[in-house]
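*Asks:* Submitted below is the structure of interest, expressed as structure tokens.
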Amino acid sequence: FENNVRANLKVTDFEDETVYVKARIGAGLLTEKIPGLSFLLGSTFTKGGLEAHSHDDLQALFAGKSVSVNFSVDDDAFVLSGQTTPASLADQLTLMRAYLTHPGFREEAVTEFKRALDYLYQQLERTPGGFAQDEVAQFLHGGDERFGYPPRAAVEALTTAQVKDWVLPELAGGYLEITLVGSFDDKDAIAQLAATFGNLGERDAKKPALEKERAVSF
């Protein structure tokens, strides 16, 4: 599109009435400056709702429609994804766009996240799987703090303001590529994409190189 958003479309017949949507934005974990921010952001972003609607509000507003939005921080992108039907594709794209442009960052999502840390850190400290995800993952990446988990005290000290400083510029103008795979009409999909992601403000035309940040000592 004219704003540099790129769309990939693949029509398949593997599943009837099913469309998978994924938007990859910016550079994700590559640009994390404070260890643990990706953990906090990935756990609270969608639960924080939108500026005008809480997460519970959205559940009620889209009741009966096949839409869903998940958020994660990948190694090299922030990811919004979901599964929908051809009939609900416009709603799916509209909701994903709203999370991109007007995320809520409600503090109750952060409170809920920090309340769950007791259980999480018990699993990290006391189970083989937890140890592998934490100590082993960081060891195998040469002590790189982007892997594994920070100390609990460091996670509890993280704030919503720090999260916003990191992610909002990427959401507003970072490189954006959106992919649709499944059972849909490509002409309809392009029109719906043009009316949602294609009319965002101008984005970065290519992903940043970030060669130094990509280096990991194994």
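The values are calculated or read from the model by the stated rules, or taken from the named source; none is laboratory data. Remember, it's a predicted structure, so these values are computed and weren't measured experimentally. Note: ideal-geometry Cβ built from the backbone for every residue, glycine included; neighbour counts use all protein chains shown. To get the accessible areas, we keep the full protein, side chains included, count just its heavy atoms, and leave off ligands, DNA and RNA. Shrake-Rupley method; radii C 1.70, N 1.55, O 1.52, S 1.80 Å.
*Asks:* Restricting attention to the stretch 179-189, and to residues there that are part of a helix (DSSP H, G or I) and not acidic (Asp, Glu), which single residue is surrounded by the most Cβ atoms within 10 Å (Cβ to Cβ)?
*Replies:* The qualifying residue surrounded by the most Cβ atoms within 10 Å (Cβ to Cβ) is Ala189.
*Asks:* Kindly provide the set of residues from the stretch 1-52 that are hydroxyl-bearing (Ser, Thr, Tyr) and either open to solvent by 30 Å² or more (accessible area, probe 1.4 Å) or under 24 Å from Ala109 (Cβ atoms) (or both), ordered by number.
*Replies:* Tyr20, Thr31, Ser38, Ser43, Thr44, Thr46
*Asks:* Mind telling me which of the residues Gln138, Gln192 ends up being in contact with a helix residue (DSSP H, G or I) (Cβ under 6 Å, 6 or more places away or on another chain), at negative phi and surrounded by 13 or more Cβ atoms within 10 Å (Cβ to Cβ)?
*Replies:* Gln192
Here is a yes/no grid of residues against (1) among the small types (Gly, Ala, Ser); (2) over 21 Å from Asp75 (Cα atoms); (3) part of a helix (DSSP H, G or I); (4) in contact with a strand residue (DSSP E or B) (Cβ under 8 Å, 6 or more places away or on another chain):
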{"residue": "Phe131", "(1), (2), (3), (4)": "no, no, yes, no"}
{"residue": "Gln138", "(1), (2), (3), (4)": "no, no, yes, no"}
{"residue": "Gly142", "(1), (2), (3), (4)": "yes, no, no, no"}
{"residue": "Ala153", "(1), (2), (3), (4)": "yes, yes, yes, no"}
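One line per residue, one yes/no per condition, for (1) out of contact with any His (no Cβ under 8 Å at 6 or more places or on another chain); (2) open to solvent by 40 Å² or more (accessible area, probe 1.4 Å); (3) within 22 Å of Asn199 (Cα to Cα):
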| residue | (1), (2), (3) |
| --- | --- |
| Lys65 | yes, yes, no |
| Phe78 | yes, no, yes |
| Gly82 | yes, no, yes |
| His102 | yes, yes, yes |
| Ala109 | no, no, no |
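*Asks:* Identify, by number, the condition in (1) in contact with a strand residue (DSSP E or B) (Cβ under 9 Å, 6 or more places away or on another chain); (2) within 25 Å of Ser43 (Cα to Cα); (3) among the polar types (S, T, N, Q) that Ser183 doesn't meet.
*Replies:* Every listed condition holds for Ser183 apart from (2).
*Asks:* Pairs, please: C-beta under 8 Å, at least 6 apart or cross-chain, first residue closer than 23 Å to Ala194 by Cβ and in the stretch 8-33, second among the acidic types (Asp, Glu) and part of a strand (DSSP E or B)?
*Replies:* Between residues of the stretch 8-33 that are closer than 23 Å to Ala194 by Cβ and residues that are among the acidic types (Asp, Glu) and part of a strand (DSSP E or B), the close pairs are Asn8/Glu177; Ala23/Glu177; Arg24/Asp74; Arg24/Glu177.
*Asks:* Has the stretch 80-98 got at least one residue that is at pLDDT 95 or above, under 30 Å from Phe147 (Cβ atoms), assigned to a loop (DSSP other than H, G, I, E, B) and over 10 Å from the mean Cα position of the chain (by Cα)?
*Replies:* Among the residues of the stretch 80-98, not one is at pLDDT 95 or above, under 30 Å from Phe147 (Cβ atoms), assigned to a loop (DSSP other than H, G, I, E, B) and over 10 Å from the mean Cα position of the chain (by Cα), which makes the answer no.
*Asks:* A further question on this structure: Determine, yes or no, whether Ala172 is open to solvent by 50 Å² or more (accessible area, probe 1.4 Å), in contact (Cβ under 8 Å) with a residue 12 or more places away in the chain and in a helix (DSSP H, G or I).
*Replies:* yes
*Asks:* Ok, one more. Can you go through Leu171, Leu117, Leu200 and tell me which one is in contact with a strand residue (DSSP E or B) (Cβ under 7 Å, 6 or more places away or on another chain) and at pLDDT 95 or above?
*Replies:* Of Leu171, Leu117, Leu200, the one residue that is in contact with a strand residue (DSSP E or B) (Cβ under 7 Å, 6 or more places away or on another chain) and at pLDDT 95 or above is Leu171.
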